[in-house]
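See below for the structure under consideration.
The values are calculated or read from the model by the stated rules, or taken from the named source; none is laboratory data. Fair warning: this is a prediction, and the values are worked out from it, not measured in the lab. FYI the Cβ positions are ideal-geometry reconstructions off the backbone, even for glycines, and counts take in every protein chain you see. Remember, those area values only see protein heavy atoms, side chains included, never the ligands or the DNA or RNA. Shrake-Rupley method; radii C 1.70, N 1.55, O 1.52, S 1.80 Å.
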Amino acid sequence: VRNAIALAFLAFAGVAYASARRSTSNGPTDGINWASLPYDVADLAQSTMNTIAETPATTDQDTAGANVAAFLAALRAAEGTDRAPDPYRVVMGYGHTIMDLSEHPFFTGEWKGAAFGDGQWSTAAGAYQFLRATWADLRGRLQLPDFGPESQDRAAVELIRQRGALEDVKAGRFADAVVKVRRIWASLPGAGYGQGERSMQWLAQKYETAGGTLA
């Protein structure tokens, strides 16, 4: 099973490698806690391909996998989705719980978004608060089969990779990785969306508590 997951994600990463890149932003989101991952993230980390020049991680595969899992957990904590019984079923504003994980709730028609701020509207959903356009792009390029936990985690890892931060995450260069991805998630320090931002110290504590190591 472990090898099958690794080979499957390697195929997804190959699709992403061959596809044209374009910047995507998840935009401002609401904050939410996340349970431990339901599958082996070590496979996910070691089989992901990078197309952006960055300093390669020299950590062993187990450490790299643990660091990726911990970084995802820190993101869920920052966004606040880990406070829900199932963070993968959260929508912005907590006004609805996703029932159908076959697709992003906007596309299933289950939930069309929520108002926030001064007349703004968001379709942020899932553990990492994917906007519908962001999800549609990732779903197509990674050939994700559904909106389930594994698909959401793979999509989040791809967003990290697109910003050239995946090797930093694997290596435990935590602060460097956060700086690179902070414009994706509004809750990260320095995101600049005018919403509540977590401090780097707070985020690093969540990361280490989840089993991540700092370089």
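Using a 1.4 Å probe over the heavy atoms of the protein chains, calculate the carbon and sulfur portion of the accessible area of region 127-183 as a whole percent.
46
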Under 25 Å from Lys206, Cα to Cα: lysines that are on another chain or at least 8 residues apart: Lys170, Lys180
Euclidean distance between Cα centres, region 110-150 to region 196-213, Å: 24
Tell me which residues come under 5 Å, amide H to amide H, from Val91 once H is placed; ignore anything under 5 positions away on its chain. His96, Ile98, Gly126
Using the beta-carbon distance between Phe107 and Asp86 and R0 = 30 Å, what value does 1/(1 + (r/R0)^6) give for FRET efficiency, to the nearest 0.05? 0.95
Solvent-accessible area per residue for region 122-211 (1.4 angstrom probe, square angstrom): 33
